[in-house]
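Notes to accompany the following structure.
Every number in this text was worked out from the coordinates using simple rules, so none of it is lab data. Just so we're clear, the structure is a prediction, and the values are computed from it rather than from any experiment. For neighbour counting, all protein chains shown are included, and Cβ atoms are generated from backbone atoms with ideal geometry for every residue, glycine included.
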Amino acid sequence: MDGNRRWARERGVHEAAGHAAGVDAIRPIVERAQQRGVKILSVFAFSRENWQRARGEVDTLLSLLDAAIADYTPDLVRQGVRVQLLGRQDELATSTRESIEEALRATAAGSAMTLNVAFNYSGRCEIVDAARRCLADGLSIDQIDEDALASRLYTPQPSELDLLIRTGGDQRVSNFLLWQAAYAEFYFTDRYWPDFDPAAFDTALAEYARRSRRFGR
C-alpha cells in the first residue's frame, strides 16, 4: 500500500490525509477480492522500518489503525473475513495490541476469506522468528528444512504467494513476504495506493491471468 504521502503532497494536503485515504482504500479492495474469489489477501500496513519516521506520523498511523479496527471489524464479521496479523505483536503498545487481539477474536470464525494485515512487519524478521521457533520446539539441525520453517511463519495457512501488487511506482519488494514471494508474479503500477480502486485491482488480476507461471522450472 505505497504512495500515501506522495498522494497527499501532490494534492497540497497534510500527509495524515494521505494515510487516511490509504486506509479508506482498503475496504473496496477487500470487497472486490471477495467478489473475485480471492481466498487470502495480504496488505502491508506498517513495516518495522516505519518506526524511524517522524513521531507525529507514526502516532497518526497508530491512531488510524485503532480507528480502522473499530470501524471495519463489524463489516468483516458480516462478510466472513478472518483477520490475521503478521508481525511482532509483542513490540506494540498495550492499547494497540489489545485492539488487534479483539479484531482477531471477533473475526476468528470467518471462512470466506483471510485478510492478513502486516503491521510492525519485516520479511527478514519473519524468517528469523521461524528459525527461533524451530529451536524452541527442540528441532535438531537435520530436522530444520523448508517445511519446518514454512510451518512456523507468521502465516499459518499455505504461505505461497501468487501475486504481489506494488503501488506507487517503485519496483522493489521492500522486505515484504520474502519467503512467500519466492515464485510470486509481480505487478507494478504507478498509481498511488489511495487511487488503487477495484478497477485497478481487476487490471492487475487480468495481467496475472495472462502469465504462465513456471515456478523456476
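Electrostatic bookkeeping for residue 86 treats Lys and Arg as +1 and Asp and Glu as -1; over the other residues with beta carbon under 11 Å from its beta carbon, the sum is -1. Helical runs (DSSP H, four residues minimum) scored at -39500 (n - 2.57) apiece and divided by the length of the chain put the mean residue ellipticity at 222 nm at -14000 deg cm²/dmol.
Residue by residue, the range 31-37 carries 3J(HN,Hα) couplings of 5, 5, 4, 4, 4, 8, x Hz when phi is fed to the Karplus relation 6.51 cos²θ - 1.76 cosθ + 1.60 (θ = phi - 60°); x denotes Gly or Pro. Amide H contacts for residue 121 (H built 1.01 Å from N in the peptide plane; partners 5 or more residues away or on another chain; cut-off under 5 Å): 46, 47, 48.
In this Cβ point-charge picture (+1 for Lys and Arg, -1 for Asp and Glu), the chain has a dipole of about 460 debye about its Cα centre. Near residue 83, the amide H atoms lying under 5 Å from its own belong to 107, 115; only residues 5 or more places off or on other chains count, and H is placed 1.01 Å from N. 3J(HN,Hα) along the range 166-173, derived from phi through the Karplus expression 6.51 cos²θ - 1.76 cosθ + 1.60 where θ = phi - 60°, amounts to 10, 8, x, x, 6, 10, 7, 8 Hz, with x in place of Gly and Pro. Applying the criteria of a DSSP loop state and at most 13 other Cβ atoms within 10 Å to the trypsin sites (Lys or Arg not before Pro) of the range 105-183 yields 172. The label point for residue 160 and the one for residue 203, both projected 7 Å from the Cα toward the Cβ, are 2.9 nm apart. Shape class for the range 4-203, computed from the alpha carbon gyration tensor (a ≥ b ≥ c): rounded, with a/c under 1.5. So what's the gap between the Cα centers of the range 1-38 and the range 149-184, to the nearest angstrom? Using only Cα atoms to place each centre, the spacing works out to 20 Å. Our estimate of slack between residue 24 and residue 172, defined as 0.36 nm per intervening residue step minus the Cα-Cα distance, is 50.9 nm.
Which of 85, 164, 139 ends up with the largest GNM mean-square fluctuation for the chain, with Cα atoms connected below 10 Å? The residue that fluctuates most here is 139.
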